[in-house]
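The values are calculated or read from the model by the stated rules, or taken from the named source; none is laboratory data. This structure is a prediction, so every number in the text was calculated from the model and none was measured. Positions of Cβ are backbone-derived with ideal geometry, glycine not excepted, and every protein chain shown enters the neighbour counts.
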Amino acid sequence: MAQAVSPNNTTAANRRRSRTKFTEDQLKILINAFNQKPYPSYATKQRLALEINTEESRIQIWFQNRRARHRFQKRSEPEEHLESSQDEDHPEEKIQSRGDRRCRTSYTSSQLHTLIEAFMNNPYPGIDSRQQLAIEIGVPESRIQIWFQNRRSRCHVQRKREPDEALEQRQDQGKISEVRVQGIETTQNGTDLTSDSYSSGARTRW
């Protein structure tokens, strides 16, 4: 027997909005805007909607999804950093894979020089800069993005370690100064004792 379809279910299915598929040019504009400001204002979203010829509500949904994806990448960033930090400074160029994991990229010394120089100029490059670097050193743009993420993570770790190292150095300097002061006091006490002994001897002879 054929089951009757509920009108409510049919209405709900019709109300479900279709997924918007953006072209490559539209995505480039959206990603560039996201890199500049992940939380755009209503006026910015309207301008983007007019620029890529879509609805403002679709722009808002895209930014929400992009922020969620960005947060997920940040949570998984330490694991990727541990996997790639051991190989990113090796001069050999090799690709390794572990099961279903993404291939790990190792860069040549020339590629690393280009990446480090770009990082010193701008630690947060946009999609255009990353694509230009990808063409220049011959790797996918996604690898450039991961390398910059790992590099920023390494800088954050080094900055957190600097206060502890400075504190240890100050403590060591304090210990050295204390030892020097104790040595000076010991020398002065020895001199005083010698002077007292000399005075006592002189009085005895007289």
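Of the residues making up region 132-149, just one is touching an Asp or Glu at 6+ places or on another chain (Cβ under 8 Å) and either part of a loop (DSSP other than H, G, I, E, B) or not hydrophobic (A, V, I, L, M, F, W, C) (or both), namely Gln149. If you filter region 112-156 down to residues that are within 22 Å of Leu30 (Cβ to Cβ), among the hydrophobic types (A, V, I, L, M, F, W, C) and free of Cβ contacts under 8 Å to residues at least 12 places away in the same chain, you find that the one that is surrounded by the fewest Cβ atoms within 10 Å (Cβ to Cβ) is Ile135. Of all residues assigned to region 63-86, at least one qualifies as being modelled with pLDDT of 90 or more, surrounded by 11 or more Cβ atoms within 10 Å (Cβ to Cβ) and under 17 Å from the mean Cα position of the chain (by Cα).
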